[in-house]
1. Taking the alpha-carbon distance from LYS99 and a cut-off under 24 Å, which lysines remain once sequence neighbours fewer than 8 residues away in the same chain are dropped?
2. Any idea what the alpha-carbon Rg over 2.2 N^0.38 Å comes to for the chain?
3. Just the number, please: percent antiparallel of the DSSP beta bridges in the chain, rounded to the nearest 5.
4. Can you tell me how the stretch 1-82 classifies by the Cα gyration tensor, rounded, prolate or oblate, using a/c under 1.5 as the rounded cut?
5. Name the longest site-free stretch of the chain, where the excluded sites are GluC sites (Glu not before Pro) in a DSSP loop with no more than 11 other beta-carbon atoms within 10 Å.
6. At 7 Å along Cα-to-Cβ for each site, give me the label-to-label distance between ASP55 and SER11 in nm.
7. Among GLY38, GLN142, PHE12, pick out the residue whose Cα is farthest towards the positive end of the charge dipole of the chain, where Lys and Arg carry +1 and Asp and Glu carry -1 on C-beta, about the Cα centre.
8. Can you compute 3J(HN,Hα) from phi for each residue in the stretch 182-190, using the Karplus curve 6.51 cos²θ - 1.76 cosθ + 1.60 with θ = phi - 60°, rounded to whole Hz and x for Gly and Pro?
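Laboratory data are not the source of any read-out in this text; all were calculated from the coordinates shown. Just so it is clear, the model here is predicted, and its values are computed rather than measured. FYI the Cβ positions are ideal-geometry reconstructions off the backbone, even for glycines, and counts take in every protein chain you see.
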Amino acid sequence: MDLHVESATKSFADRTIFSAIDLAAESGLCYRITGPSGSGKSTLLNCIGLLEELDGGEIFLGDERMTGIPARTVHRLHRDHLGFLFQNFGLVDSWTAEKNVRIATGSHRRRPHRSDTSDAMSRFGISALAEQPTHCLSGGEQQRVALARLMIKEPTLVLADEPTSSLDDDNTAIDAEALRELADRGAVVLFASHDSRLTPLADHELLLPGPSATRDQQLL
């Protein structure tokens, strides 16, 4: 399913973070969101991911409207269609690595077998860490737990916010390979990053000039 963002606007207090943002993102492609600090990259991802509300504009995933919808619909979209990869990896610290991965099998869009958890953990080299609480893992290990969870879920829309800012080159390459594979499986992948190592991953870029800019946004 393609993603369409139409005239998106967001403000905090009397400060406009971004306005009149348009984005048409096709399934199977990776889109990089760039711009200076304060331009609203993370905020835009949060709004598209239904973690924050827009002040104006519309978001559609396929034919489904994602703005102004009831909480139960937000929950369904989070469960069945949206996948997140954040800088802090979004794991539950007190859960084991295996439980953090296995939570992805709750999607009703596809019903993975329990063996998928083991297969995904094996793929990312974290099988031996299955019973370890995630707060005991290194940053790179936590990243691989988050990627294993994402690959099992197979989301329609992947939102990644500075996913490699604390990673070395090897783990950054693992991140990029996984995001590309998710796109190849048919997902729309949006990522916000200043990391030049992810430049080859982007099929297109969306530049957010910042609150003080007056020119229109362009999808490059």
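1. Leaving aside lysines fewer than 8 places away in the same chain, those within reach of LYS99 are LYS153.
2. Compared with the compact-globule rule of thumb, the chain sits at 1.01.
3. Given both bridge residues lie in the chain, the antiparallel proportion sits at roughly 50 percent.
4. Verdict is oblate for the stretch 1-82.
5. It works out to 132-220.
6. Once both label points are built, they end up 0.4 nm from each other.
7. GLN142
8. The phi angles translate into 4, 5, 4, 7, x, 7, 8, 10, 10 Hz.
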